[in-house]
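The values are calculated or read from the model by the stated rules, or taken from the named source; none is laboratory data. Treat the numbers as computed from the prediction; the structure is a model and nothing was measured. FYI the Cβ positions are ideal-geometry reconstructions off the backbone, even for glycines, and counts take in every protein chain you see. For accessibility, only protein heavy atoms count, side chains too; no ligands or nucleic acids. Shrake-Rupley method; radii C 1.70, N 1.55, O 1.52, S 1.80 Å.
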Amino acid sequence: MGATTNKFFWGPVRALLHRIPERSALLALSVITGILCGLAAVCLKLSIHWIQEKLADVTGPHPWAMLVLPGVGMLLSLLIVRYLVKDNIGHGVTKVLQAVSKNESKIKSHNCWSSLVTSALTIGFGGSVGAEAPIVYTGAAIGSNLGRYCGMSYRGMTLLLGCGAAGAVAGIFNAPLAGVLFTLEILLFNLSMSGILPLLLSSVSATLISYLCLGRESVFAATVAPFDMHNVPFYLVLGAFCGLISLYFIRTTLSMEDRLGRLKNPYLKWAMSAVLLGVLIFLFPPLHGEGYNFLGPLLNGQEAELGNTPLHFLMKQSWSIPLFFLLVLLLKVFSMTFTNAGGGVGGTFGPTLFMGAIAGFTLATSLNLVHADVPVSNFVLVGMAGLMAGVMQAPLTAIFLIAEISGGYTLLVPLIITSAISYGVIRLFEKYSIYTKRIAASGELLTHDSDQAVLTLMKTQGLLETDFRPVRIDATLGELVEAVARSERNIFPVLDSRDRFQGYVSLDDIRQDMFRTELYTQRHVYNYMKTAPEYIHPDEPMDSVMRKFEKTGAWNLPVVGENRSYCGFLSKSKIFNAYRQELQSFSQD
């Protein structure tokens, strides 16, 4: 079926697109990508709401359902991923970054639907994660696969991947500008000005589809008080608070993931995570699902809703409300991690917004207890931006996303102040965001530094030179001279009987003896062999390769696999030529 579709549909489409410049084709494809991503965002929203409504009809307001249903949703997602998808689809934004830097912007076709279905089940049943990262992964997959099927170049496919991510964010939030900024700040680095137009077209297309299907109601409609200069010191405090909470968010999440990852049995991990998540949600109902329904009263200056928590008896003192929500703030990281570790599919984007809102609410209510008289709803909104700026290290996205989704452009100054302070604080402790920290540790992260970005895109396997003639370590000088006569290279890798690399011989090493025939049987390769100053591995990042060249001063280094099996050589001159070509392609408009 797939081959027939490719032949009779995509073949003519490719032929048509090849007749027009790729830039023009990208404009049309970006609109198509935006429309598809908008529909995907609408489907995800409606699916989550439909599941929640059906479960509410069955269970009613019974609080004990919170103990069981989140685990059921996680189990359903686990079974779909394990037996149908058979692929790891968690951490959607991180996977998109890896696709750009490591996999030529190619994302598997099942990601066009798998993240959407599993995240709808996870969140609909009460899993404590967000829908934004899965929809970004879905949108990026739509753009990537559309580009691949239409025969786009790597650059074109990467741009369509970015269009998909921008359209996904724009569609789920009704925020076209935030979609573009999200892609520019987090996903596509060093994008030229000509690439911004497709992103805009995709974002606007997705937003229009969302408007048509769901209306123009803001995701976080709020009662915003006018900006008061007297509150600037408190926004500075909020920024510092969000920066520290962001540090807690990143380090606790990664640490918890590492610890839970040590459990190899997926069903044991699910059972433990489901029980712990159920208990947390039972005690702290705001941890249920995305938690956005608990933010409505906070955004409109109403009394905070605690849900059917067994801890009601503790809420008799004025300080108990901010204390309760401070615990919610700290425990959200655990509920999110348990959901993902137990087989659920969801992202950190939604929990970041939720925790930012709770951070703003907690600080504002605490200040008001000491008669500071600050507007709580404003602090809730600005707290969202502050935590986004810290956790994602994307302050522009944070500022304009909150302004767009809340209609709160009157808060632009506080948003800028808090986001800037939060970003500055987190950068004192963490160089990378929650999306990029693990990728950076592996040396596979694209950055805003063109030099580093080009090195990341270059692959060791693509630069491998294999036209060297190997010789055995016990071969005679006469056999070595015969190899020289048949070779066009002046380096000869030396292998043992198991084809393991032992060293190399250069033409200069044997030049004085190669015409002395009386030595042909007396001397052997091991008499001339030199050991390599460093070895390169086939999958080694290029920045690590360049450090080895710089350290050794060598112009050629061997590439060896497992058990030192010989693969070929890398030459510094070929790397420099490839670098120049990649830089030209990377920088062109």
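Tabulated data
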item	result
Exceeding the 28 Å Cα-Cα cut-off - candidates Lys431/Lys548; Lys95/Lys574; Lys54/Lys108; Lys108/Lys572; Lys108/Lys332; Lys102/Lys264	Lys95/Lys574; Lys54/Lys108; Lys108/Lys572; Lys108/Lys332
Given charges at Cβ of Lys, Arg, Asp, Glu: the chain dipole, positive-most of Ser202, Met514, Ser422	Met514
Rounded tilt (10° steps) of 376-391 against the dominant C-alpha axis of the chain	10
Helix axis angle, 22-59 relative to the chain longest principal axis, alpha carbon, degrees	50
Among beta bridges that DSSP assigns inside the chain, antiparallel share in %, nearest 5	85
Orientation-averaged projected area, Cα convex hull of the stretch 61-136 (nm²)	5.2
Rounded tilt (10° steps) of 266-283 against the dominant C-alpha axis of the chain	30
Förster radius 30 Å - calculated FRET efficiency between Thr466 and Gln522 (Cβ-Cβ, nearest 0.05)	0.40
Pairwise label distance in nanometres, Tyr211 with Lys551, each label 7 Å out on the Cα-Cβ vector	5.7
Measure of compaction for the stretch 213-336 (Cα Rg per 2.2 N^0.38 Å)	1.29
Burial ranking of peptide ranges 62-73, 130-141 (average Cβ count within 10 Å, highest at the top)	130-141, 62-73
Contour excess over end-to-end distance, with Cα ends at Leu323 and Val413 and 0.36 nm allotted per residue	29.6 nm
Rounded accessible area of His230 (nearest 10 Å², 1.4 Å probe)	150
Accessible carbon and sulfur surface of the chain relative to its total accessible area, %, 1.4 Å	60
Accessible area per residue in Å² at 1.4 Å probe, computed on the chain	44
Normalised convex hull volume, the chain, alpha-carbon set, Å³ per residue	179
Rounded to the nearest 20 debye, dipole of the chain from Cβ charges on Lys, Arg, Asp, Glu	960
Net charge of neighbours whose Cβ lies under 14 Å from the Cβ of Leu44, counting Lys and Arg as +1 and Asp and Glu as -1	-1
Globularity ratio of the stretch 87-131, using Cα Rg and 2.2 N^0.38 Å	1.25
Aspartates and glutamates whose Cα lies under 15 Å from that of Lys459, excluding same-chain neighbours fewer than 8 positions away	Glu104, Glu444, Asp451, Asp539, Glu540, Asp543, Glu582
